[in-house]
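Here is the structure we will look at.
The values are calculated or read from the model by the stated rules, or taken from the named source; none is laboratory data. Keep in mind that what you see is a predicted model, and the values were worked out from it rather than measured. Glycine gets a Cβ as well: all are built from the backbone with ideal geometry, and neighbour counts include every protein chain shown. Surface areas here come from the heavy atoms of the whole protein model, side chains and all, with no ligands, DNA or RNA. Shrake-Rupley method; radii C 1.70, N 1.55, O 1.52, S 1.80 Å.
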Amino acid sequence: MTQRVNIVTAAPEDMKRLSEIAEICFPDPWSEKLFTEAYNSPYSEIVLAKTDSGEIAGYLVLSDSGDEKSVYDI
């Protein structure tokens, strides 16, 4: 059975899993603290690709500087 992927806004309970994913994927990963700081910042946004079963398939951390958005982490 093929699962769909939905794009959703991250929730506080996702921060630990995001740091675990970053640890696997990157030589200099973001910590749970950095994800939480980005989540709590009014100048950034974290969006997730989640499967129907709730597994995080990917993430994007964006900074918001007025008219532009930049990618902080992917």
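Quick look at the numbers
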read-out: Where Thr9 falls short, out of the listed (1) more than 9 Å from the chain's Cα centre (by Cα); (2) under 23 Å from Glu68 (Cα atoms); (3) among the polar types (S, T, N, Q); value: (1)
read-out: Selection from the range 54-74 of residues that are polar (S, T, N, Q) and surrounded by 11 or more Cβ atoms within 10 Å (Cβ to Cβ); value: Ser63
read-out: Every residue from the range 38-53 that is open to solvent by 40 Å² or more (accessible area, probe 1.4 Å) and either at pLDDT below 95 or within 12 Å of the chain's Cα centre (by Cα) (or both); value: Tyr39, Pro42, Tyr43, Glu45, Lys50, Asp52, Ser53
read-out: Pairs where the first residue, in the range 10-27, is free of Cβ contacts under 8 Å to residues at least 24 places away in the same chain and the second is open to solvent by less than 80 Å² (accessible area, probe 1.4 Å) and of a type in the set (Ser, Thr, Tyr), C-beta under 8 Å, 6+ apart; value: Ser19/Ser31
read-out: Yes/no for Ser19 being surrounded by 12 or more Cβ atoms within 10 Å (Cβ to Cβ), of a type outside the set (Phe, Trp, Tyr) and not in a strand (DSSP E or B); value: yes
